[in-house]
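Colleague: Would you mind keeping the following structure in view while I ask a few things?
The values are calculated or read from the model by the stated rules, or taken from the named source; none is laboratory data. Bear in mind the structure is a predicted one, so any value in this text is a computation, not a measurement. Quick reminder, even Gly has a Cβ in these numbers, built from the backbone with ideal geometry, and neighbours come from all protein chains shown.
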Amino acid sequence: MKFISTRGQTEPHTFTQAVAIGLAPDGGLFLPERLPDISPRLSAWRNLSYAELCNEFLALFATDVPLDVIEQLTRRSYATFTHPEIAPLKKLDDRTYVLELFHGPTLAFKDFALQLLGNFYGWQGEQTGRSINVLGATSGDTGAAAIHGLLGKPRTAIFILYPEGRVSPLQERQMACTGAANVHALAIDGSFDDAQNALKNIFGERDFAAKHRLSAVNSINLLRVLAQCVYYLYAWLRLAESERLNVEFVVPTGNFGNVFAGWLLQRMGVPIQSFKIATNQNDILHRFFLSGEYRIDTVQPSLAPSMDIQVASNFERFLYYSLDEDSAKLRTVMADLKANGLYRFENFDRDTFSSSCATDADITGIIRRVYERYQYVVDPHTACAFQELNRDRISIVLSTAHPAKFPAALVDAIGTEPTHPALDALKSRPIVKHLLPATEAAIKAYIDQHAV
Ligand SMILES: *Cc1c(COP(=O)(O)O)cnc(C)c1O
């Protein structure tokens, strides 16, 4: 199978190429040139373990990677999870399930994709004998998950920029207490935007990027989307026959990455009835699904910080399908959006999607109510998904993080602080970080010294 760019100005790439470069050279996002119909396989897949299912699914796309390599990468990736089912589906009541996606090393759903991506980079390094230096900017969860994906991998180094003093203490510890020599936690004297801007400029310097074989960590890699399809499929297969045709996945989302993976699976023939997009007070996606108008706004910090996003980068993939796979039209829309921060859509899959938005006050109230009703503790991101559940459907709420990652919000809501052994262990380890000014020169000098 080959992979094409949403913008239509890139030659079809193999799976390995598309994953290695992340963003397509024309600035677009990679997608399979056609989606397989997996509906005939579903009955044979129903009893597979998570890792087996992941192998079967990835093999449909990664046709240039040997099967035993796919198996090895999957096995390694999910061996770091602490729950035997990897993504356990918990029943809260007759209509409500929670899909727990926080049993990976950083206790958030990004581990599903970034463990796999890290192992893939490691394998590519072995194949080519070439090293790779991964560079990213983070406001928290993505950086931690990317670091744990590459921890101790040969021929790789990872440099993560984050704003000093502006990520949570636990998030910082997840990045800076790994003890791994190939991990560089770079605390920038500036904001997240300063870090992001410096990073963009560094990638823009082609000679420098080429010299160190710099690779970006971001949410648009094709492998991330495909890895995320698997837990929707796994959850759907766990349901009783009678439940499967009336399912709504409820997804806390900011940049549309997570929910897009589910929707793609529906297009591959899994009969998922609907998706509900749950935003925090940064409700660009909620407003879009209500009105058809996509309007970029400023970001307000919230209790669910990993969803504090206004530019939903994965939205471009959804748009591409909504415009009937017309790349020329897509390019016009993207140019419009860039120029005006606004676009009105005529045509998109309204039947499949609904949405909700939760303010910080809503989040605190929901954490408390869910706890009182089910004796179940949710984190602030997952809480957004419990806003107005659709009682006519079987709801599967995606739980994107372990509540112990957000102790302050939890104490406010229910008066106790949830704990997790992985986080407790971090508290006694030394923090190893490097303070840098938010200048390209300082960051480049650091990379020059430490790149592999
Ligand atoms: C990243 C993140 C999200 C949002 O993910 P999207 O890719 O924007 O859908 C939600 N919850 C948590 C805990 C996260 O780390």
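Colleague: Look at HIS184 and say whether it is at pLDDT 95 or above and either surrounded by 22 or more Cβ atoms within 10 Å (Cβ to Cβ) or not hydrophobic (A, V, I, L, M, F, W, C) (or both).
Modeller: Yes, satisfied.
Colleague: Which condition breaks for TYR320 when tested against (1) in contact (Cβ under 8 Å) with a residue 24 or more places away in the chain; (2) over 20 Å from the mean Cα position of the chain (by Cα); (3) not in a loop (DSSP other than H, G, I, E, B)?
Modeller: It is condition (2) that TYR320 fails.
Colleague: Related question: ARG166 is checked against (1) basic (Lys, Arg); (2) assigned to a helix (DSSP H, G or I); (3) closer than 21 Å to ALA442 by Cα and fails just one. What number does that condition carry?
Modeller: Here ARG166 clears every test but (2).
Colleague: Give segment 4-28 a look and list any residue that's in a helix (DSSP H, G or I), at pLDDT 90 or above and more than 16 Å from GLU316 (Cβ to Cβ), or say none.
Modeller: Initial filter on segment 4-28 (in a helix (DSSP H, G or I)): 15-21.
Cutting the leftovers down to at pLDDT 90 or above gives us 15-19.
Hits for segment 4-28 are PHE15, THR16, GLN17, VAL19.
Colleague: Do any residues in segment 201-224 that are within 17 Å of LEU114 (Cβ to Cβ) and in contact (Cβ under 8 Å) with a residue 24 or more places away in the chain have Cβ atoms under 7 Å from those of residues that are among the hydroxyl-bearing types (Ser, Thr, Tyr) and surrounded by fewer than 17 Cβ atoms within 10 Å (Cβ to Cβ), where the two are at least six apart or on different chains, and which pairs are they?
Modeller: SER219/SER313; ILE220/SER313
Colleague: Return yes or no: is LEU237 surrounded by 22 or more Cβ atoms within 10 Å (Cβ to Cβ), more than 16 Å from the ligand (Cβ to nearest atom) and at pLDDT 95 or above?
Modeller: No.
Colleague: If only one of GLU293, GLU248, GLU243, GLU205 is away from the ligand (no atom under 16 Å from the Cβ) and touching a Ser or Thr at 6+ places or on another chain (Cβ under 6 Å), which one is it?
Modeller: Details: GLU293 fails: touching a Ser or Thr at 6+ places or on another chain (Cβ under 6 Å); GLU243 fails: touching a Ser or Thr at 6+ places or on another chain (Cβ under 6 Å); GLU205 fails: touching a Ser or Thr at 6+ places or on another chain (Cβ under 6 Å).
Among GLU293, GLU248, GLU243, GLU205, only GLU248 is away from the ligand (no atom under 16 Å from the Cβ) and touching a Ser or Thr at 6+ places or on another chain (Cβ under 6 Å).
Colleague: Return the only residue of GLY136, GLY104 being modelled with pLDDT of 95 or more, within 16 Å of the ligand (Cβ to nearest atom), touching a Ser or Thr at 6+ places or on another chain (Cβ under 8 Å) and not in a helix (DSSP H, G or I).
Modeller: Only one candidate qualifies: GLY104.
Colleague: Right, another one. Just to be sure I understand the filter: pairs with C-beta atoms under 7 Å, separated by 6 or more residues or on different chains, first member in segment 119-145 and under 20 Å from HIS184 (Cβ atoms), second member among the charged types (D, E, K, R) and within 16 Å of the ligand (Cβ to nearest atom). Which pairs pass?
Modeller: ASP141/LYS110; THR142/LYS110; ALA145/LYS110; ALA145/ASP111
Colleague: Given ASP412, ASP362, which one is touching a residue at least 40 places away in the same chain (Cβ under 8 Å) and either outside any helix (DSSP H, G or I) or not small (Gly, Ala, Ser) (or both)?
Modeller: Within the list ASP412, ASP362, the selection yields ASP412.
Colleague: Report yes if ASN255 is within 11 Å of the ligand (Cβ to nearest atom), crowded, with 19+ Cβ neighbours inside 10 Å and under 19 Å from MET334 (Cβ atoms), otherwise no.
Modeller: Working: within 11 Å of the ligand (Cβ to nearest atom): yes; crowded, with 19+ Cβ neighbours inside 10 Å: yes; under 19 Å from MET334 (Cβ atoms): yes.
So ASN255 passes the test.
Colleague: To continue, here is another question. Based on what the data block shows, is ARG344 within 13 Å of the ligand (Cβ to nearest atom), touching a residue at least 40 places away in the same chain (Cβ under 8 Å), basic (Lys, Arg) and out of contact with any Lys or Arg (no Cβ under 8 Å at 6 or more places or on another chain)?
Modeller: no
Colleague: Select from segment 258-282 the residues that are under 16 Å from PHE112 (Cβ atoms) and in contact with a helix residue (DSSP H, G or I) (Cβ under 8 Å, 6 or more places away or on another chain) and write down the one among them that is farthest from the ligand (Cβ to nearest atom).
Modeller: LEU265
Okay, residues lined up against (1) within 25 Å of GLU56 (Cβ to Cβ); (2) among the polar types (S, T, N, Q):
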{"site": "LEU214", "(1), (2)": "no, no"}
{"site": "LEU223", "(1), (2)": "yes, no"}
{"site": "GLN228", "(1), (2)": "yes, yes"}
{"site": "LEU233", "(1), (2)": "yes, no"}
{"site": "LEU239", "(1), (2)": "yes, no"}
{"site": "GLU243", "(1), (2)": "yes, no"}
{"site": "ASN246", "(1), (2)": "no, yes"}
{"site": "VAL250", "(1), (2)": "no, no"}
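Colleague: For LEU117, indicate whether it is in contact with a helix residue (DSSP H, G or I) (Cβ under 9 Å, 6 or more places away or on another chain), farther than 22 Å from LEU423 by Cα, within 16 Å of the ligand (Cβ to nearest atom) and part of a helix (DSSP H, G or I).
Modeller: Yes; evaluated as a whole, the condition is true for this residue.
Colleague: So which residues in segment 278-302 are among the charged types (D, E, K, R) and surrounded by 20 or more Cβ atoms within 10 Å (Cβ to Cβ), if there are any at all?
Modeller: Across segment 278-302, the qualifying residue is only ASP283.
Colleague: What's the number of the condition MET175 fails, among (1) at pLDDT below 95; (2) within 14 Å of the ligand (Cβ to nearest atom); (3) farther than 30 Å from LEU60 by Cβ?
Modeller: All conditions pass for MET175, except number (1).
Colleague: Still on this model: Which of the helices (runs of 4 or more DSSP H) contained wholly in segment 194-306 include at least 2 residues that are of a type in the set (Val, Ile, Thr)?
Modeller: Answer list for segment 194-306: 222-238.
Colleague: When you scan segment 415-452, how many residues do you find that are in a helix (DSSP H, G or I), free of Cβ contacts under 8 Å to residues at least 24 places away in the same chain and within 27 Å of the chain's Cα centre (by Cα)?
Modeller: Qualifying residue count for the region: 3.
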